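Trainee: Submitted below is the structure of interest, expressed as structure tokens.
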Amino acid sequence: MRLLLLRHAKSDWGDPSLADIDRPLNRRGKSAAVEMSRYMKTERLLPNRILCSTSQRTRETLAKLLPYLQQETQILLLSDLYRQSEDDYTDLIRKHGSRAQNLMIIGHNPATEETAFALAGTGNADAMNDLQVKYPTAALSVIDFDISDWSDLKPKTGHLERFVKPRDL
């Protein structure tokens, strides 16, 4: 099974009256979300189930991905992905991942980064090193597991296949 951890694209801080959950993507974020979506389509890294935070910036990141999906994809908007953005997402993956072969999380930092650290036990050396430096907006981790159901997910059992940042594209 494969986990795709996508941090939302760059958000707009221009309106200080907006609550954090309501911040939209800025121009650079919209562009990066489209670039990452194109990359995912080209590389056949498309999910069949997406768990997306309910924040405006994650939903806008998801909206940029939708035109590139080529198969039926179940999408769940989960407020817990926003509320638990200080923790890792492992429990939410176990609870909501079901048997999706390609599960995507569109979430926030530090939880996206912490989840990648918590689950990747092995991996491409360059990707593992890169992951430890920074998890920028619109970055994507691809982690493979030898399990048949996400409820069986355990720490450090994944293989980090790649870590891609928008500036790499």
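Per-residue answers, yes or no, for (1) within 20 Å of Ile93 (Cα to Cα); (2) among the aliphatic types (A, V, I, L, M); (3) touching a helix residue (DSSP H, G or I) at 6+ places or on another chain (Cβ under 6 Å):
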position	(1), (2), (3)
Asp20	no, no, no
Arg23	no, no, yes
Thr58	yes, no, no
Leu66	no, yes, no
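Trainee: Sticking with this one: Pairs under 8 Å by beta carbon, first residue polar (S, T, N, Q) in the range 61-72, partner part of a loop (DSSP other than H, G, I, E, B), six or more apart or different chains?
Mentor: Thr61/His8; Thr61/Ala9; Thr61/Ala138; Gln70/Leu46; Gln71/Leu46; Gln71/Asn48
Trainee: Same structure again: Give the residues of the range 13-33 that are touching a residue at least 40 places away in the same chain (Cβ under 8 Å) and touching a strand residue (DSSP E or B) at 6+ places or on another chain (Cβ under 8 Å), sorted by residue number. Talk me through it step by step, then tell me what you get.
Mentor: Let us first name the residues in the range 13-33 that are touching a residue at least 40 places away in the same chain (Cβ under 8 Å), namely 21, 29, 32-33.
Result: Gly29, Ala33.
Trainee: Of the residues Ala19, Ala33, only one is at negative phi and touching a Pro at 6+ places or on another chain (Cβ under 9 Å); which?
Mentor: None of the other options fit; the residue is Ala33.
Trainee: Out of the residues in the range 81-108 that are part of a helix (DSSP H, G or I) and in contact with a His (Cβ under 9 Å, 6 or more places away or on another chain), state the one that is farthest from Leu3 (Cα to Cα). Break it down into steps so the answer makes sense when it comes.
Mentor: Step one: list which residues in the range 81-108 are part of a helix (DSSP H, G or I), which gives 81-83, 90-96.
Narrowing the set further to residues that are in contact with a His (Cβ under 9 Å, 6 or more places away or on another chain) leaves 81-82.
Values: Leu81: 15, Tyr82: 18 Å.
Among those that are part of a helix (DSSP H, G or I) and in contact with a His (Cβ under 9 Å, 6 or more places away or on another chain), it is Tyr82.
Trainee: For Arg83, indicate whether it is surrounded by fewer than 16 Cβ atoms within 10 Å (Cβ to Cβ) and either within 16 Å of Ala139 (Cβ to Cβ) or touching a residue at least 40 places away in the same chain (Cβ under 8 Å) (or both). Write out each step before concluding.
Mentor: Numbers: surrounded by fewer than 16 Cβ atoms within 10 Å (Cβ to Cβ): yes; either within 16 Å of Ala139 (Cβ to Cβ) or touching a residue at least 40 places away in the same chain (Cβ under 8 Å) (or both): no.
No, not satisfied.
Trainee: Please verify whether the range 40-63 includes one or more residues that are more than 14 Å from the chain's Cα centre (by Cα), hydroxyl-bearing (Ser, Thr, Tyr) and surrounded by 15 or more Cβ atoms within 10 Å (Cβ to Cβ). Outline the logic, then answer.
Mentor: Of the residues in the range 40-63, the ones more than 14 Å from the chain's Cα centre (by Cα) are 41-44, 56.
From the residues that got through so far, the ones that are hydroxyl-bearing (Ser, Thr, Tyr) too are 42.
Next cut, surrounded by 15 or more Cβ atoms within 10 Å (Cβ to Cβ) only: none.
Taking every residue of the range 40-63 in turn, none turns out to be more than 14 Å from the chain's Cα centre (by Cα), hydroxyl-bearing (Ser, Thr, Tyr) and surrounded by 15 or more Cβ atoms within 10 Å (Cβ to Cβ).
Coordinate-derived values only; no laboratory data. Just so you know, these numbers come straight off a predicted model, no measurement behind them. Note that we place each Cβ from the backbone using ideal geometry, even for glycine, and neighbour counts take in every protein chain shown.
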